[in-house]
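First the structure, in the form of structure tokens, and then the observations on it.
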Amino acid sequence: MWSSAWRCDVHGEIAPLAPARLPTRDGLLALASHTRVPVWLPWPLPLGWLVSGFTGAGDERTGACASAVALSGPNPLGGPADLLVIAEEPGVGLGAGLAGLPGPDPGDGFAAAAPHAAVRVGSHEAPLWLVESDGKAVFAGEVAGSWVWLVLWPDTAGALLVEPLVLRDMRDPEQDLDLPFGALSPRLPA
């Protein structure tokens, strides 16, 4: 009765999704200071890419159980591209929702074959599998007990993952990165 979660007849309780935070250092610090999951950022950023916003799912009392970082930059195969890097506790569904999938996870057959890409966290590589989705490249995997999703528009931007992206958790207070910020991404929910 005293829960901040929303109730869905199909999926049960759903953590509330926060509006997109502006791509600023304050927006990043606000998300990173109130989340239970990593706030992943590729670093160094791919050449010409900018940080373009943040969001999370959860509440201020218990902390966010999902985070998303938006980036924008040049598609390796030409034209502009967008990337969302999502971390979430199992069952939250933010990654699947932003990828346009019907359920809270990657779906049937996930990880049934060899991985298609990888991310590097510290000295470890984490495998990612391609998830079927229209018009975008969606990759999902697991790092430290949390789902990690990479959602790229258009689908050809998936070429960014030919080499593993190095992810850093922006909750780590020891980092003082000079992040380039751009305009707010239209890929984040308003």
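The values are calculated or read from the model by the stated rules, or taken from the named source; none is laboratory data. It should be emphasised that the depicted structure is a prediction, and the values quoted were computed from it without experimental measurement. Cβ: placed from backbone, ideal geometry, glycine included. Neighbour counts: every protein chain shown. Accessible surface is based on the protein model in full, side chains and every heavy atom, while ligands, DNA and RNA are left aside. Shrake-Rupley method; radii C 1.70, N 1.55, O 1.52, S 1.80 Å.
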query = Tell me, how many Å apart are the Cα centres for region 26-102 and for region 134-190?
reply = 6
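Can you pull out the GluC sites (Glu not before Pro) in region 55-137 that DSSP calls coil and that have at most 15 other Cβ atoms within 10 Å? Don't skip to the end; give the middle numbers.
Values: sites: Glu60, Glu88, Glu125, Glu132; in loops: Glu60, Glu132.
Of the GluC sites (Glu not before Pro), the ones in loops of region 55-137 whose Cβ has at most 15 other Cβ atoms within 10 Å are Glu60, Glu132.
Suppose R0 equals 45 Å. What FRET efficiency, 1/(1 + (r/R0)^6) with r the Cβ-Cβ distance, do Arg25 and Asp134 give to the nearest 0.05? Each step should come with its number before you reach the end.
On the way: r = 35 Å, r/R0 = 0.77.
Rounded to the nearest 0.05, the efficiency is 0.80.
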request  = Could you pull out the longest piece of the chain with no exposed loop chymotrypsin sites (Phe, Trp or Tyr not before Pro) in it, calling a site exposed if DSSP puts it outside H, G, I, E, B and it has at most 16 other Cβ atoms within 10 Å?
outcome  = 3-109
inquiry  = In the chain, if the dipole is taken from +1 on Lys/Arg beta carbons and -1 on Asp/Glu beta carbons about the Cα centre, which of Leu161, Leu184, Leu94 is farthest to the positive end?
reply    = Leu184
key: Distance in nm between pseudo-label sites at Glu125 and Ala183 (7 Å out along the Cβ direction from Cα)   = 3.7
inquiry  = Over the chain, with a Gaussian network built from C-alpha contacts below 10 Å, which listed residue (Ala137, Ala113, Ala96) shows the highest mean-square fluctuation?
reply    = Ala113
query = In nm, what is the difference between 0.36 nm times the number of residues separating Leu77 and Ala144 and their Cα-Cα distance?
reply = 20.9 nm
remark   = Calculating Rg and Dmax of the Cα atoms in Å from this structure picks out, from (1) 15.6, 51; (2) 19.9, 78; (3) 17.4, 66, entry (1)
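Using a 1.4 Å probe, what is the accessible area per residue for the chain, in Å²? Show your work: numbers first, answer last.
Details: 9500 Å² over 190 residues.
Normalised by residue count, the accessible surface of the chain is 50 Å².
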query = Could you give the dipole magnitude of region 1-145 about its Cα centre, charging the beta-carbon of Lys and Arg +1 and that of Asp and Glu -1, in debye to the nearest 20?
reply = 440
message = Can you tally the net charge around Phe110? Count Lys and Arg as +1, Asp and Glu as -1, for every other residue whose Cβ sits under 14 Å from the Cβ of Phe110.
response = -4
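Leaving out ligands, DNA and RNA, what percent of the accessible area of region 35-190 is carbon and sulfur, probe 1.4 Å?
Details: 3830 of 6960 Å².
Whole-percent figure for carbon plus sulfur exposure: 55.
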request  = Between Val162 and Arg61, take the C-beta separation as r, use R0 = 30 Å, and let me know the FRET efficiency to the nearest 0.05.
outcome  = 0.10
